[in-house]
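What follows is a set of notes on a single structure, which appears directly below.
The values are calculated or read from the model by the stated rules, or taken from the named source; none is laboratory data. Since this is a predicted model, take the numbers as computed values, not measurements. Cβ coordinates were reconstructed from backbone atoms using ideal geometry, including for glycine residues, and neighbour counts include every protein chain displayed. Keep in mind that these areas ignore ligands, DNA and RNA; they rest on the heavy atoms of the full protein, side chains included. Shrake-Rupley method; radii C 1.70, N 1.55, O 1.52, S 1.80 Å.
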Amino acid sequence: MGRMRSLALFAVLTWAVSAAAHLPAQALDYAPTLRLHASAPLRLFGIHVYDAELWVSGERYVPQQAHALSLRYRRAIDAARLVDTSIDEMRRFGAADETRLARWRQELARALPSVQADERIVGLHLPGRGAVFWHQGRLTAEIHDAELAHRFFAIWLDERTRKPALRARLLGEVAR
């Protein structure tokens with residue numbers, strides 16, 4: 001019985017270490033209770049673009065609590081495209097002040113570098129404060145603009161997202 005218990009403990013610890021490896025260690029400095037909630041792939045026209053993970057602070061996603069999105073890209077994407085797509089989505093959600101959008105574009109350009117296949121960008125949303133971003137575990141930007149952070153994470157988590165099936169899977173609303 002002792003040997004079985006040891007093997008079970010080893011399996012749990014191995015899983016915990018590998019799961020935590022998907023978030024930079026520094027993310028836990030900002031939000032120590034983050035845990036993996038759900039994951040889902042994004043495919044566009046049959047092309048696997050990225051695998052998304054939603055990390056939450058409690059038992060489920062609560063928009064007012066710290067949460068993180070980890071995106072492991074399956075193909076190379078240029079930084080300008082990542083930023084342009086993000087700004088276009090924020091505009092679609094009602095951000096109309098072009099001066100503000102230009103400032104947000106500059107902030108996102110610091111946060112979102114070009115990615116190669118199998119590289120990961122992690123964004124940590126700190127509601128009411130802003131967001132922190134990492135690429136391959138290296139800090140790329142701390143953004144101290146709560147509205148920008150809110151609108152950025154809404155791209156995936158708002159009810160009006162372009163990818164409702166991805167959102168539903170991340171929120172645990174459908175069978176994984």
Shape descriptors of the chain over alpha-carbon atoms, Rg and Dmax in angstrom, are 16.9, 66
Share of accessible surface on carbon and sulfur in the chain, whole %, 1.4 Å probe and ligands ignored, is 55
Per-residue ellipticity at 222 nm attributable to helices in the chain (runs of n ≥ 4 DSSP H, -39500 (n - 2.57) apiece, nearest 500 deg cm²/dmol) works out to -13000 deg cm²/dmol
Averaged per residue, the 1.4 Å probe accessible area of the chain, protein heavy atoms only, in Å², is roughly 56
Taking R0 as 41 Å and r as the Cβ-Cβ distance between GLU173 and LEU139, the FRET efficiency 1/(1 + (r/R0)^6), rounded to the nearest 0.05, comes to 0.80
Taking the reciprocal of mean 1/r across every pair of different Cα atoms in the stretch 96-149, the Kirkwood radius in Å is 11.7
Extension length gain for ASP88 and ALA109 (0.36 nm per residue less Cα distance), in nm, is 6.2 nm
Stretched fully, the stretch from ALA76 through LEU101 gains (0.36 nm per residue minus C-alpha distance, one decimal, in nm) 6.5 nm
With the 8 Å Cα cutoff and a minimum separation of six or more residues, the chain has a relative contact order in percent of 20
Quick calc, ALA146 & ARG60: beta-carbon distance into FRET formula, R0 25 Å, rounding 0.05, result 0.70
